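Working notes for the structure below.
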Amino acid sequence: MNKSTFFTGQPIFAQLLQFIPRDMIRRMTAEHNADRYCKRFTTYEHLVTMLYATFNHCNSLREVTTGMLAAEQRLNHLGVRYHPRRSTISDANNRRQADVFGAIYYKLYQKYAG
């Protein structure tokens, strides 16, 4: 079997992320000033990383970074420019307020609850 035809289309995780509008993420980020001291690891990338950890049942930052490193070629489909390091995720978890993620959740709930 030809390897190029085995993985056709987008990964399921990328399809799920299409339901989260990036412009809404940008608005919530600006509203809560969540990217204030961040150079590379944006709120969207943080959200994708945490969703990745949840969907893959990761119990530690080491599992998250190892899994994302293994899938580094497919991170482009997710909108993540690079795989984050453990220290980057840890710093973001400490510095970024959870309120921005709560606001994103409630906006998505309002949009899709119908």
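Restricting attention to the stretch 75-102, the residues being in contact with an Asp or Glu (Cβ under 6 Å, 6 or more places away or on another chain) and farther than 20 Å from F19 by Cα number 1.
Considering each residue of the stretch 85-94 in turn, at least one proves to be open to solvent by 90 Å² or more (accessible area, probe 1.4 Å) and touching a helix residue (DSSP H, G or I) at 6+ places or on another chain (Cβ under 6 Å). Condition first: closer than 22 Å to D91 by Cβ and either loosely packed, with under 10 Cβ neighbours inside 10 Å or at pLDDT 90 or above (or both). Can you find one or more residues in the stretch 17-27 that meet it? Yes: one or more hits.
Being buried (at least 18 other Cβ atoms within 10 Å of the Cβ), touching a residue at least 24 places away in the same chain (Cβ under 8 Å) and of a type in the set (A, V, I, L, M) is not true of L51. Of all residues in the stretch 65-84, those satisfying the criterion of being in contact with a helix residue (DSSP H, G or I) (Cβ under 9 Å, 6 or more places away or on another chain) and not in a loop (DSSP other than H, G, I, E, B) are T65, G67, M68, R74, L75, H77, L78.
In the stretch 92-112, the residues that are outside any helix (DSSP H, G or I) reach residues that are surrounded by 17 or more Cβ atoms within 10 Å (Cβ to Cβ) with C-beta atoms within less than 7 angstrom, at least six apart or across chains, in these pairs: R96/A34; R96/T43; R96/H46; Q97/H32; Q97/A34.
Is at least one residue of the stretch 41-50 at negative phi, at pLDDT 90 or above and part of a loop (DSSP other than H, G, I, E, B)? Yes, the stretch 41-50 contains a residue that is at negative phi, at pLDDT 90 or above and part of a loop (DSSP other than H, G, I, E, B). Of everything in the stretch 57-92 that is among the polar types (S, T, N, Q) and within 13 Å of the chain's Cα centre (by Cα), the residue that is modelled with the lowest pLDDT is N76. When the residues of the stretch 95-105 are filtered to those that are touching a helix residue (DSSP H, G or I) at 6+ places or on another chain (Cβ under 9 Å) and either surrounded by fewer than 17 Cβ atoms within 10 Å (Cβ to Cβ) or not β-branched (V, I, T) (or both), the one that is farthest from F41 (Cα to Cα) is A103.
On the given criteria, is H77 open to solvent by less than 90 Å² (accessible area, probe 1.4 Å), more than 18 Å from R36 (Cβ to Cβ) and not small (G, A, S)? The answer is no for H77.
The values are calculated or read from the model by the stated rules, or taken from the named source; none is laboratory data. If you're wondering where the values come from, they're calculated on a predicted model, not measured in any experiment. As a convention, Cβ positions derive from the backbone with ideal geometry for all residues, glycine included, and neighbour counts pool all protein chains shown. Only protein heavy atoms, including side chains, enter the accessible area calculation; ligands, DNA and RNA are left aside. Shrake-Rupley method; radii C 1.70, N 1.55, O 1.52, S 1.80 Å.
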